[in-house]
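Each remark here refers to the structure printed beneath this line.
The values are calculated or read from the model by the stated rules, or taken from the named source; none is laboratory data. All values reported here derive from a predicted model rather than from experimental measurement. All Cβ positions, even for glycine, are placed from backbone atoms using ideal geometry, and neighbour counts span all protein chains on display. The accessibility values were calculated without ligands, DNA or RNA, using every heavy atom of the protein model including side chains. Shrake-Rupley method; radii C 1.70, N 1.55, O 1.52, S 1.80 Å.
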Amino acid sequence: MLAAVRASQPAATPLPVVPAFTGLASVARFTAALTGISGRVVVLEGWHALAAAVSQLFPADYRLASAILPATVAVASNTPIDRLAPIDLAVLRAEFGVAENGTVWLPEAHMLHRALPTVTQHLVLVLDQRNIVATMHQAYAQLPDVGGYGVFLAGPSKTADIEQSLVIGAHGARSLTVLLH
């Protein structure tokens, strides 16, 4: 029976050529896309301005989880979920951004804990502006180099599933700020 199936296979056809899908990878385009979906972009004057910018944007006494700033809550990949719940602010380093839709790639290696980007109330991602690509096609092409688990984030969490009412922060952070350096 299997021999009959193999014998009746159609001739192989070549795969279609996929266009390059090029676009403009600019800070302005990335900023417009992210602010259009309720995110915020702040351009830093340099890496040295990171702590001051976070303090200015979030002046309250937040419970902070971060690997790049002094944290008030220690988080590791094995931290129990109940210890993550009270975290108000997470400041993490992103790998790259996508100009066409304001999306940012956050690999697990930068998350501290897989749940942290969705459990925190406010998420700040620090991104080197030279790492903004034009399209999702270019972004996906970079994923094998990054490897492992990660997530594309686009703006704060939002849903309008319940009675068509927009709810911000229903399934993740209530705000997303990208600090470009």
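Can you tell me which of Gly46, Gly39 is touching a residue at least 12 places away in the same chain (Cβ under 8 Å) and buried (at least 17 other Cβ atoms within 10 Å of the Cβ)? Answer to the selection: Gly39. Scanning segment 53-66 for residues that are at pLDDT 95 or above, farther than 12 Å from Thr120 by Cα and open to solvent by 30 Å² or more (accessible area, probe 1.4 Å) gives Ser55, Gln56, Leu57.
One residue stands out among those in segment 77-91 that are within 19 Å of the chain's Cα centre (by Cα) and part of a loop (DSSP other than H, G, I, E, B): the one that is surrounded by the fewest Cβ atoms within 10 Å (Cβ to Cβ), which is Ser77. For Thr35, the conditions (1) outside any loop (DSSP other than H, G, I, E, B); (2) of a type in the set (Ser, Thr, Tyr); (3) touching a His at 6+ places or on another chain (Cβ under 9 Å) are fulfilled apart from (3). Against the numbered list (1) surrounded by fewer than 15 Cβ atoms within 10 Å (Cβ to Cβ); (2) under 14 Å from the mean Cα position of the chain (by Cα); (3) farther than 30 Å from Gly23 by Cα, Thr120 comes up short only at (1).
Looking at Arg114, Arg130, can you tell me which residue is open to solvent by 10 Å² or more (accessible area, probe 1.4 Å), in a loop (DSSP other than H, G, I, E, B) and either within 17 Å of Leu179 (Cβ to Cβ) or among the basic types (Lys, Arg) (or both)?
Within the list Arg114, Arg130, the selection yields Arg114.
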